[in-house]
Each structure stands twice: as structure tokens, then as C-alpha cells.
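*Asks:* Let me begin by handing over the structure; questions about it come next.
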Amino acid sequence: MTKQTKLISALDVPELSTALQLVDRIGPSVEWYKVGKQLFTHYGPEAVHELKARGKRVFLDMKFHDIPNTVAQAIRSSALIGADLINVHASGGPAMLSAAAEAMREAGKTVIAVTVLTSMDQSQLEALGITATPAEQVVRLAGLTQSAGLPGVVCSALELPMLREKFGPDFLTVVPGIRPAGADAGDQKRIMTPAQAAQAGADFIVVGRPILAAPEPSEAAQKILEELKNA
Ligand code: C5P
């Protein structure tokens with residue numbers, strides 16, 4: 001695998017000031033940050049602007065899921081405020097994914113799709129009337145994503161080999177559920193180390209608590225970057 005897996009640090013904290021202190025403390029070694037629903041709902045575009053002002057790249061993790069026109073407009077708005085990487089739910093369906101792909105091309109940003117949330121298991125899918133296994137559903141939704149013209153997905157590390165095999169080396173994969181060896185798993189169940197995810201061909205890993213909760217976040221980030229480099 002010649003490509004270098006990149007680290008996205010998830011800013012899952014309630015206060016923007018805390019998030020920015022972290023970013024400043026971590027410094028130039030981490031380029032990508034994830035702004036999710038918690039921070040964005042409270043602080044809005046300011047959260048993105050502050051990161052862009054620090055020269056960072058932003059994954060705006062809003063997981064849009066709505067009618068095609070609304071999702072396309074939300075992507076255009078995300079691009080206007082400076083988001084570099086934007087996501088939607090693949091389960092919004094082919095028409096929504098196509099509208100997202102068109103908005104992406106106009107905006108010149110990257111839009112990826114969430115397949116099956118890692119919190120969903122077989123019984124949760126069955127409750128929705130879906131009889132496929134989670135893995136089958138991931139492949140189906142990733143296929144719809146690719147057919148609609150979107151470049152990739154958010155997926156768990158365990159699905160990486162399967163997605164690589166079916167959708168090729170250029171299909172973009174963004175992988176949360178990462179824990180350095182010895183780190184607390186927390187509520188994440190399907191986990192891999194940064195090195196394992198890199199070896200499995202992840203384009204990006206998303207890491208929250210192992211950095212945020214470390215006594216020295218910049219050291220924790222540095223160790224993960226080293227691990228990715230040496231994988
Ligand atoms: O703290 P931790 O490293 O588990 O954070 C992972 C981040 O990735 C969180 O922001 C979480 O919301 C996000 N995420 C996830 N699983 C998904 C999609 C996003 O853990 N399927």
C-alpha cells in the first residue's frame with residue numbers, strides 16, 4: 001500500500017474554546033479535524049471558520065439525510081462555509097446520492113456516504129424491515145454510493161478489506177473506531193489499531209477520545225502519526 005493513511009482528529013467536546021485550545025496544543029502535525037453535530041449545532045460556521053483560520057482542513061460530519069434538493073443545498077452551504085469533506089447517509093437512496101454528487105462536483109469538495117452506522121446490528125436492521133446482514137447492507141449501500149458518482153464511504157475498519165476488494169483501491173474510506181494498542185475502547189466495539197487500519201488500506205482514520213482524553217493530546221496524536229507512517 002503506497003498511499004499514506006491520514007489522521008482526522010474528532011473535536012467531540014462541548015465548547016469551541018476547548019476544541020481550539022486542543023488544536024493549538026496539537027499544533028501543525030495534525031492537518032485534519034472533524035466537526036460533528038455537537039459542536040456545529042452550538043457554534044455553527046464559526047467552528048469551521050476558526051479551524052480554517054488556523055490552516056486546518058475540516059471534515060463536517062453532519063450525515064445529511066433528506067430529500068435530494070435539501071441535501072444538495074446543504075452540501076453547497078457546507079462548501080460555502082469552508083468544509084473540505086462532507087458526508088451524507090447512503091440510505092437516503094440513489095436520487096439523493098446523485099443530487100449529492102452533482103452538488104459535490106459544483107462545489108469542488110469531497111462528499112462521502114455513511115453506509116450502516118456502527119451502532120446498528122442485525123436486530124436493529126430487522127426492526128427497519130431490512131433482512132440483509134449488516135455486511136450485505138454495507139456492500140449494497142457502498143455500491144449505490146459509487147454508482148451515484150460519490151468517491152467513497154465512512155466504514156468500520158472490519159469492512160475495509162471487503163470494500164477494497166469490491167470497489168477498488170481508489171474508493172475513499174474514512175474509518176472511525178480506532179484505538180491504539182492498550183487504549184480504552186469506550187463504547188466502540190469493532191475496533192482496530194491505527195497501524196492495522198493503515199495496513200488494511202484506510203485513506204483516513206478518525207480518532208476522538210484516544211487523543212482528546214490523553215494527558216498530553218499532542219503526544220498522543222504524534223504517536224498515532226508515527227504508527228501510521230511505520231505501518
Ligand atoms: O472517540 P472515538 O475515537 O470513538 O470517536 C470516533 C468519532 O467517529 C466520533 O466522533 C464518532 O461520532 C464518529 N463515528 C463513529 N462511528 C461511525 C461514524 C462516526 O464512531 N460509524
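The values are calculated or read from the model by the stated rules, or taken from the named source; none is laboratory data. Everything numeric here is computed off the predicted structure, so don't read it as measured data. Methodologically, a virtual Cβ is constructed for each residue, glycine included, from the backbone with ideal geometry; neighbour enumeration extends over all protein chains shown. Each accessible area value is taken on the protein alone, full model and side chains, heavy atoms only, with ligands, DNA and RNA left out. Shrake-Rupley method; radii C 1.70, N 1.55, O 1.52, S 1.80 Å.
*Asks:* What number goes with the only condition from (1) among the hydrophobic types (A, V, I, L, M, F, W, C); (2) over 22 Å from THR145 (Cβ atoms); (3) open to solvent by 60 Å² or more (accessible area, probe 1.4 Å) that LEU117 does not pass?
*Replies:* (2)
*Asks:* Still on this structure, I have one more. Only residues that are under 22 Å from ASP24 (Cβ atoms) and open to solvent by 30 Å² or more (accessible area, probe 1.4 Å): list them for the range 191-215, please.
*Replies:* ARG209, LEU212, ALA213, PRO215 - these are the residues of the range 191-215 that are under 22 Å from ASP24 (Cβ atoms) and open to solvent by 30 Å² or more (accessible area, probe 1.4 Å).
*Asks:* Hey, another quick one. When the range 145-163 is examined, which residues are found to be at pLDDT 95 or above and under 22 Å from PHE59 (Cα atoms)?
*Replies:* THR145, GLN146, ALA148, GLY149, LEU150, PRO151, GLY152, VAL153, VAL154, LEU163
*Asks:* Moving to a separate point now. Considering GLN146, GLN124, GLN137, which residue is touching a Ser or Thr at 6+ places or on another chain (Cβ under 9 Å) and either of a type in the set (Asp, Glu) or assigned to a helix (DSSP H, G or I) (or both)? I'd like the intermediate steps shown before the answer.
*Replies:* Numbers: GLN146 fails: touching a Ser or Thr at 6+ places or on another chain (Cβ under 9 Å); GLN124 fails: touching a Ser or Thr at 6+ places or on another chain (Cβ under 9 Å).
That would be GLN137, the only listed residue that is touching a Ser or Thr at 6+ places or on another chain (Cβ under 9 Å) and either of a type in the set (Asp, Glu) or assigned to a helix (DSSP H, G or I) (or both).
*Asks:* Separate question: List pairs: first in the range 48-68 and touching a residue at least 12 places away in the same chain (Cβ under 8 Å), second open to solvent by 60 Å² or more (accessible area, probe 1.4 Å) and assigned to a helix (DSSP H, G or I), Cβ under 6 Å, 6+ apart or cross-chain?
*Replies:* That search, which allows pairs on different chains as well, returns PRO68/ALA95.
*Asks:* Then there's this: If the Cβ limit is 6 Å and pairs must be 6+ apart or interchain, which residue in the range 185-197 that is of a type in the set (Ser, Thr, Tyr) pairs with which residue that is surrounded by fewer than 19 Cβ atoms within 10 Å (Cβ to Cβ)?
*Replies:* THR193/PRO180; THR193/ALA181
*Asks:* Out of the range 112-129, which residues are of a type in the set (Asp, Glu) and more than 22 Å from the chain's Cα centre (by Cα)? Write out each step before concluding.
*Replies:* At the first step, the residues of the range 112-129 found to be of a type in the set (Asp, Glu) are 121, 126.
Residue satisfying the conditions is GLU126 alone.
*Asks:* Determine whether the range 81-88 contains at least one residue that is at pLDDT 95 or above and open to solvent by 60 Å² or more (accessible area, probe 1.4 Å).
*Replies:* Residues of the range 81-88 at pLDDT 95 or above: 81-88.
With open to solvent by 60 Å² or more (accessible area, probe 1.4 Å) added as a condition, the list becomes none.
No, every residue in the range 81-88 fails to be at pLDDT 95 or above and open to solvent by 60 Å² or more (accessible area, probe 1.4 Å).
*Asks:* Restricting attention to the range 54-62, does a residue exist that is open to solvent by 20 Å² or more (accessible area, probe 1.4 Å) and under 22 Å from ALA142 (Cβ atoms)?
*Replies:* Yes, that holds for at least one residue.
*Asks:* Same structure, new question: Taking the range 170-190 only, how many residues are more than 16 Å from THR145 (Cβ to Cβ) and either more than 14 Å from the ligand (Cβ to nearest atom) or open to solvent by 60 Å² or more (accessible area, probe 1.4 Å) (or both)?
*Replies:* Total meeting the criteria: 6.
*Asks:* Among the candidates ALA47, ALA10, single out the residue that is open to solvent by less than 90 Å² (accessible area, probe 1.4 Å) and under 28 Å from GLY168 (Cβ atoms).
*Replies:* ALA10
*Asks:* Mind listing whichever residues of the range 149-161 are within 16 Å of ALA113 (Cβ to Cβ) and open to solvent by 20 Å² or more (accessible area, probe 1.4 Å)?
*Replies:* GLY149, PRO151, VAL154
*Asks:* Just for the range 3-32: of the residues that are touching a Gly at 6+ places or on another chain (Cβ under 8 Å) and among the aliphatic types (A, V, I, L, M), which one is nearest to PRO180 (Cα to Cα)?
*Replies:* Within the range 3-32, the match that is nearest to PRO180 (Cα to Cα) is ALA10.
*Asks:* I'd like the full set of residues that are within 20 Å of the chain's Cα centre (by Cα) and either more than 12 Å from the ligand (Cβ to nearest atom) or acidic (Asp, Glu) (or both), limited to the range 198-216.
*Replies:* ALA198, GLN199, ALA200, GLY201, ALA202, ASP203 - these are the residues of the range 198-216 that are within 20 Å of the chain's Cα centre (by Cα) and either more than 12 Å from the ligand (Cβ to nearest atom) or acidic (Asp, Glu) (or both).
*Asks:* Any residue in the range 21-43 that is away from the ligand (no atom under 16 Å from the Cβ), crowded, with 16+ Cβ neighbours inside 10 Å and under 29 Å from LYS229 (Cα atoms)?
*Replies:* Within the range 21-43, not a single residue is away from the ligand (no atom under 16 Å from the Cβ), crowded, with 16+ Cβ neighbours inside 10 Å and under 29 Å from LYS229 (Cα atoms).
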